[in-house]
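Have a look at the structure below before the remarks.
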Amino acid sequence: MSDIEELYRLYFRDVFLYMRGICRDEIISEEIAQETFFKAISGIESFDHKKDIRAWLFTIAKNTYFTHCRKKNISTDDVPEIAVSDVILTDRIENEEQAMTVHKILHKLDDPYKEVFNLRVFGELSYEKIGIIFGKSPEWARVTYFRAKKKIIEKLENNN
């Protein structure tokens with residue numbers, strides 16, 4: 001198996017999930033993910049192997065998506081910021097047992113972490129809307145979500 005095939009096999013799903021989180025469209029997500037790998041293969045010599053390959057692929061994917069939106073005159077004002085750790089967390093809760101573990105951890109979180117995380121992940125609300133609900137800024141919502149996610153990931157790692 002070539003390095004290119006291995007790269008595709010290992011990370012296509014992550015890139016696809018990342019794009020699905022951004023655009024919420026399965027078909028566009030798959031198209032962008034495929035184009036991302038074409039671009040990555042073409043530019044692999046520019047990759048700094050000291051860095052996380054997923055972050056590099058996600059950057060290519062996001063830029064490819066923005067180019068797609070510009071060509072189609074689609075606004076990118078509401079594109080959510082999705083981190084590598086969001087994709088990793090989503091990937092961990094793909095099966096029912098792991099989802100149950102995440103829900104148990106989430107249930108034990110203090111407010112506002114629990115509610116902000118629920119609104120962001122399950123309610124798919126923007127940071128701006130979450131901030132409005134709490135009477136706070138979008139930055140407060142972003143920081144609170146990040147802290148909740150960090151707590152969940154730490155507890156997941158401690159359980160495994």
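For the range 61-79, give me each residue that is among the basic types (Lys, Arg), modelled with pLDDT of 85 or more and either surrounded by fewer than 16 Cβ atoms within 10 Å (Cβ to Cβ) or not assigned by TED's automatic domain parsing to the domain that holds Leu10 (or both).
Arg70, Lys71 - these are the residues of the range 61-79 that are among the basic types (Lys, Arg), modelled with pLDDT of 85 or more and either surrounded by fewer than 16 Cβ atoms within 10 Å (Cβ to Cβ) or not assigned by TED's automatic domain parsing to the domain that holds Leu10 (or both).
Out of the residues in the range 29-60 that are within 22 Å of Arg120 (Cα to Cα) and surrounded by 15 or more Cβ atoms within 10 Å (Cβ to Cβ), which is farthest from the chain's Cα centre (by Cα)?
That would be Ser29.
Within the range 121-140, can one find any residue that is modelled with pLDDT under 85, assigned to a helix (DSSP H, G or I) and not assigned by TED's automatic domain parsing to the domain that holds Tyr18?
yes
Here's a check for you: in the range 85-120, which residue that is among the basic types (Lys, Arg) and at pLDDT 85 or above is surrounded by the most Cβ atoms within 10 Å (Cβ to Cβ)?
This residue is Lys114.
For the range 1-43, which positions are in contact (Cβ under 8 Å) with a residue 24 or more places away in the chain and among the β-branched types (Val, Ile, Thr)?
Across the range 1-43, the qualifying residues are Ile4, Val15, Ile22, Ile28, Ile32, Thr36, Ile41.
The values are calculated or read from the model by the stated rules, or taken from the named source; none is laboratory data. Here the structure is a predicted model, which is why all the values come from computation and not from measurement. All Cβ positions, glycine included, derive from the backbone under ideal geometry; neighbour counts span all protein chains shown.
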